[in-house]
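A short worksheet on the structure shown next.
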Amino acid sequence: VGPAFFKDPTLTTSPVAGVTTEWWTRYNDARLNAFMQTALTNNQDVKIALARVMEARSGADAAFPRLLPSLSVNASQSDQRTTLPDAFKQRGSPDVQATRLGGELTWELDLFGAARASQRAFSQTALASEAGAQGARLLVSGEVAKQWFQLKSARQQAALLDAAIESVKHQRELIALRRQAGLSSQFELDRIDTELSTLSGQRPGLTALQASLQARLAVLSGQSPLTIGKTLTTADTQPWPDIAPVAPGQPVELLSRRPDLVAAEHVLAAEGERLTEAKRNMLPKVFLNVIGGTQNLLINGLTQNGIGFQQSAAVFSLPVFNAGRLSALADVQAARQQQALLQYEKSVLQAMEEVEVSLVLHAGQRTALQSRMQAMAASASSLNHGQQLRQQGQIDQIQLEALTRSHLQMQQQHLNALLDTVLADIQLHKALGGGWKSNNGTRPLPDLSSATGDKQP
């Protein structure tokens, strides 16, 4: 009775060994897999996150040269002339025309590690942005899977509703015929009209829900809502996926599996390195400067070519008085580092909470689905028995239609249980980090020596 998309999933009891990076492939839906790849490629949030990665990497590249000497080439031409008499020009105020070509080498000797701490901070920021990009992919993949199955459910709910409406219409025709024959009352006809109006009034809401879900999937995949209908089919009769328990692994693995935790860890490390830099900026600095080259001179009309010049200098700088500016900057950075540390701890606690809640919800929905499957089997058996009674003439068609609609209602409730189970599975995979692994491997805790700004140069 009704659309044939209720091949019950197999509720296995053996847990899946962890989660994989492309966790949505476990639903065995080739169209979902293809659509997911399109979304992860074209989604605007993912593209923005990748642009942030490029920005952070460029910042790290720009910070590295501070550790190395810098060389520049300089060329100049000058012309100094006066209207003084020649006697004055000969004694100390000559007319000079000079053409110079040379180079300048400058180098800050990073004796106390301020520049190295800055470079490490930029590197940590780049790693945080990379983890953030993976986090964006995880959020997008979870949202696509969620909207996909909600759309699947809405379409199937609409098909069940249409089947129920057709059943009510058929029953109304039978009651109307009995009313004409004086075998039924106006009350029964009014009651069936009320039921028909109630069911028909639910159809526009389901139509609008499908349109909104399609539009949301279009935005998630970077496509126009006007053309998404060409990508998504108008009917979906594919069986629902089998849902198995998920082995969450050890709690320590969560720190390297969830992109948001890895990003928070790198942010904490970056702020710690910036605190190190702020402290080191209060220590002495040494600079080397070397200038050399050649010049051509024209002095009072006499040409002097190929004259070399060279200048070397070593500069020692020690902050003595700056009205507490450097100390205040270090205090500001210490406060930022403390905020990053608290945010990291908060993120870890929230992640643990999400995993625990998701595991309980996942197990509860599987139990509820098991109960719905048993109720569906009982409802199907009851309908089958009613059909046999109808063939034997022990009940009439009106009674059989009532049994049919009761079974359709049970199918709707079963469909809701299927959707809730899949959504709980999606939520659990998001809470577990989607199977993503940090390139740096498992890190039980961040490097607290750098996170607190105490790393020695």
* Asked: Which one is farthest from the chain's Cα centre (by Cα) among residues in the range 187-210 that are among the aliphatic types (A, V, I, L, M) and either surrounded by 13 or more Cβ atoms within 10 Å (Cβ to Cβ) or assigned to a loop (DSSP other than H, G, I, E, B) (or both)?
  -> Leu189
* To do: Could you give me the residue pairs with C-beta distances under 6 Å whose first residue belongs to the range 27-41 and is without any contact (Cβ under 8 Å) to a residue 12 or more places away in the chain, whose second residue is part of a helix (DSSP H, G or I) wherever it lies, and which are 6+ apart or on separate chains?
  => Asn33/Thr25
* Within the range 75-115, how many residues turn out to be in contact with a Lys or Arg (Cβ under 6 Å, 6 or more places away or on another chain) and either part of a strand (DSSP E or B) or loosely packed, with under 11 Cβ neighbours inside 10 Å (or both)? -> 1
* **Candidate set from the range 13-48 (those that are surrounded by fewer than 13 Cβ atoms within 10 Å (Cβ to Cβ) and under 22 Å from Gln250 (Cα atoms)); member that is modelled with the lowest pLDDT** => Ala17
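Can we say Ile299 is of a type outside the set (Ser, Thr, Tyr) and touching a Pro at 6+ places or on another chain (Cβ under 6 Å)?
yes
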* Since Ala176 meets every condition but one in (1) in contact with a helix residue (DSSP H, G or I) (Cβ under 7 Å, 6 or more places away or on another chain); (2) buried (at least 20 other Cβ atoms within 10 Å of the Cβ), which condition does it not meet? -> (2)
* Considering only residues of the range 76-129 that are more than 60 Å from the chain's Cα centre (by Cα) and β-branched (Val, Ile, Thr), which is modelled with the lowest pLDDT? -> Thr83
* **Test: Ala126 is surrounded by fewer than 14 Cβ atoms within 10 Å (Cβ to Cβ), of a type in the set (A, V, I, L, M) and in contact (Cβ under 8 Å) with a residue 60 or more places away in the chain** => no
* Within the range 281-306, work out how many residues are open to solvent by 40 Å² or more (accessible area, probe 1.4 Å) and either assigned to a strand (DSSP E or B) or of a type in the set (Val, Ile, Thr) (or both). => 14
* Residue selected from the range 228-268 under the condition at pLDDT 75 or above, over 22 Å from the mean Cα position of the chain (by Cα) and open to solvent by 40 Å² or more (accessible area, probe 1.4 Å), by the criterion nearest to Ala211 (Cα to Cα) -> Pro239
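The values are calculated or read from the model by the stated rules, or taken from the named source; none is laboratory data. Keep in mind that this is a model prediction, so the values were computed, not measured. Positions of Cβ are backbone-derived with ideal geometry, glycine not excepted, and every protein chain shown enters the neighbour counts. For accessibility, only protein heavy atoms count, side chains too; no ligands or nucleic acids. Shrake-Rupley method; radii C 1.70, N 1.55, O 1.52, S 1.80 Å.
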